[in-house]
Amino acid sequence: MDLKSLKVFSILMFVFFGVNAQRSNIVIGPELNLPTGNATNESPIGFGGYLKGEVGLSEKFSITASVAITSFLGKKIIGPRQPTVSYLPVKAGLKYYTDRNFYFEGQLGTRFKIDGNANTTFVWSPGVGSLIKSRNSNNQFDIGLRYEGWTSSRTINTIEKNYTTFSFFSLRAGYAFNL
């Protein structure tokens, strides 16, 4: 093994053992989504479920990855209600703990429309949350609030593009299984 490979191997082992010594969990739970801005013209409310993994990098920082199934009820304007649409957002991000149980989190990713054809969309999501220790185990409840935007573009002509953002606030309540 040459010196460069030995350095890479040493760094990977340090990161692997350092990461395993920190906080790691899997969170699963429901979410309630409240559309904001122009999104309120399309839906009055959304709901879904999510699965999020967290791997600690240090005492204060963790990396996260999440996937959700999110449905937004169609709005009734005149006549029949618009159809409910469902999406699959996939995100990864960074979580910062200000103390042992309170955190700030930012995630980026994409979302796919489940029921039909649509372009993939850029997803961005800042949020805050708190972990509440379970009485009966080392697991925790994860309560969080985030703002999420789904930004997409549409080509108007060869020179112009139109960008729109479907945005909402989301309240999450999950159960975190410590690993």
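The values are calculated or read from the model by the stated rules, or taken from the named source; none is laboratory data. Note that the coordinates shown come from a computational prediction; the quantities given were computed from them, not determined experimentally. Neighbour counts run over all protein chains shown; Cβ positions are idealised from the backbone, glycine included. For the accessible areas, the whole protein counts, side chains as well, though only heavy atoms, and no ligand, DNA or RNA atoms are used. Shrake-Rupley method; radii C 1.70, N 1.55, O 1.52, S 1.80 Å.
Numerical summary
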| read-out | value |
| --- | --- |
| Residues of the range 38-179: accessible area per residue with a 1.4 Å probe, Å² | 58 |
| For V55, solvent-accessible area (1.4 Å; no DNA, RNA or ligand), Å² | 60 |
| Length-normalised contact order for the range 51-119 - Cα pairs under 8 Å, 6+ apart - percent | 27 |
| Total charge dipole magnitude, the range 73-179, about the Cα centre, Cβ charges on Lys, Arg, Asp, Glu only, Debye to nearest 20 | 240 |
| Distance violations [Cα-Cα > 26 Å] among K52/K113; K113/K161; K113/K133; K60/K91; K60/K133 | K113/K133 |
| Convex hull volume of the range 63-139 per residue (C-alpha atoms, cubic angstrom) | 150 |
| For E160, solvent-accessible area (1.4 Å; no DNA, RNA or ligand), Å² | 100 |
| Projected area, mean over directions - the range 120-177, Cα convex hull, nm² | 5.0 |
| Vicinal HN-Hα couplings computed from phi for the range 66-78 (Karplus, 6.51 cos²θ - 1.76 cosθ + 1.60; Hz; Gly/Pro x) | 9, 9, 9, 10, 10, 10, 10, 5, x, 8, 9, 9, 9 |
| Tail beyond 16 Å, pair distance distribution of the range 40-95 (Cα, percent) | 57 |
| Kirkwood hydrodynamic radius of the range 32-169, from inverse mean 1/r over distinct Cα pairs, in Å | 16.6 |
